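The values are calculated or read from the model by the stated rules, or taken from the named source; none is laboratory data. Note that the structure is predicted; figures quoted are calculated from it, not measured. Here the Cβ positions follow ideal geometry from the backbone for every residue, glycine too, while neighbour counts run over all protein chains shown. Heavy atoms of the whole protein, side chains included, go into the accessibility calculation; ligands, DNA and RNA do not. Shrake-Rupley method; radii C 1.70, N 1.55, O 1.52, S 1.80 Å.
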Amino acid sequence: MNAKAKGYILGSIAAASYGMNPLFALPLYKAGMNPDSVLFFRYLFAIPLLGIMIKARGRTFKIQRKETFPLIIMGLLVALSSLTLFLSYNYMAAGIASTLLFVYPIMVALIMAMVFKEKLALQTIVCMLLALGGIGLLYESEDGSTLSLIGTLLVFASSLSYAIYIVGINQTSLKNVATLKVTFYVLLFGLSLFVARLLYSGVLNTPDQWYLWGNLLALAVFPTAISFLCTTGAIQYIGSTPTAILGALEPVTAIFFGITVFGEGLTVRESVGLVMIIVAVTLVIAGGNITSHLVRFRKLFPRLPMIRSKKSN
């Protein structure tokens, strides 16, 4: 298997594994766990996994004092994004929620244009209109019924929080810090949000079946550890832009599991809306400078040893 094929396989696995959030979260909801408890355990289990990955690659946990406050803010933004997305699963189909979340690259483009005066290309503007059209098709179905307003606002809050995080991580002192270390501390500080909410509510739900603990562990392993590892490998083989484009598989995976496992249905109108959004965002990533803000994993690990040029063999 050549390097390019390996890269596309790794990129597909990375996107598909991240799209598994609903697969493992929804059974926990059905068992009576609330989003705060689910995310508390997800972050709690993911932190030591990332710590092991850092140590395995000989990296240090040390951070500079000037990096502490930005890491706290980034951690709270990611935690807020996770919380609002997981809350939205209570109001709409997971596949639709994951697709609406996928508009975050467009939000990044808008933030860069409005705040940092980055010029918007005509293609990006057309893609934004295409995505808005797709959202309109999703919001109101053929029979006149609409998506939950609360659920829709929660997903957009999740997408906006993540977009601000992506911009912030590239515009602060953290842009020169290895992504794996940033992610470790982002999850560590983000965990504080769920600890505070659980202390306030006084309710920490735990699974009452042994296999549900597996769901919590799977949330830490697949959408977090495996997704990061495979994304890194994919970028080393095929580059940032193709890897980012493969991210379109994230909502596709969520839709697939929503239909096959949880019995969620899709009308023709909704299917067209989903495709419009995915195509629009993919074109935005492929056609502009947005990729540099979306993917910054090249510093995550040292270059894989099997990636060698013919001259070195």
### Query
Any idea of Val126's accessible area? Nearest 10 Å², probe 1.4 Å.
80 Å²
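With the alpha-carbon atoms as the only input, what is the per residue convex hull volume for the stretch 130-199 in Å³?
Working: hull volume 8.8 nm³, N = 70.
Spelled out: Cα convex hull of the stretch 130-199, divided by residues, is 126 Å³.
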### Query
Taking a spot 7 Å from the Cα of Gln123 along the direction of its beta carbon, which residues of the stretch 234-275 have an amide N less than 20 Å from it?
238-249, 275
### Message
Expected output is a single nm value to one decimal: the length gained when fully extending between Val115 and Ser148, i.e. 0.36 nm times separation in residues minus the C-alpha distance. What is it?
### Response
8.8 nm
### Task
May I ask you to give the solvent-accessible area per residue for the chain, in square angstrom, as obtained with a 1.4 angstrom probe?
47 Å²
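With a 1.4 Å probe and all protein chains left in place, how much of the accessible area of the chain comes from carbon and sulfur atoms, in whole percent?
Values: 9650 of 14600 Å².
Solvent-exposed carbon and sulfur of the chain make up 66 percent of the total.
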### Message
Suppose we flag trypsin sites (Lys or Arg not before Pro) only when DSSP calls them loop and at most 12 other Cβ atoms lie within 10 Å. Which is the longest uninterrupted stretch of the chain?
### Response
120-302
### Query
Count the lysine pairs in the chain that are 8 or more places apart or on different chains: how many have C-alpha atoms under 14 angstrom apart?
5
### Task
Specify which residue in the list Ile235, Thr172, Tyr185 is farthest towards the positive end of the charge dipole of the stretch 168-291, using unit charges on the beta carbon of Lys, Arg (+1) and Asp, Glu (-1), about the Cα centre.
Thr172
### Query
Which of the helices in the chain, when you take each full DSSP H run, stretch at least 15 Å along the axis at their Cα atoms and have an average Kyte-Doolittle score of 0.5 or higher?
3-18, 35-56, 65-88, 104-116, 122-139, 149-171, 179-201, 210-220, 227-238, 249-260, 268-287
### Query
Quick one: length gained pulling Phe262 to Trp210 fully straight, 0.36 nm per residue minus the C-alpha distance?
16.6 nm
### Query
Among Leu137, Phe156, Ala56, whose Cα lies farthest out toward the positive end of the dipole of the stretch 54-189, if unit charges sit on the beta carbon of Lys, Arg (+1) and Asp, Glu (-1)?
Ala56
### Within-14-Å neighbourhood charge of Asp36 [Cβ basis; K, R +1; D, E -1]
+2
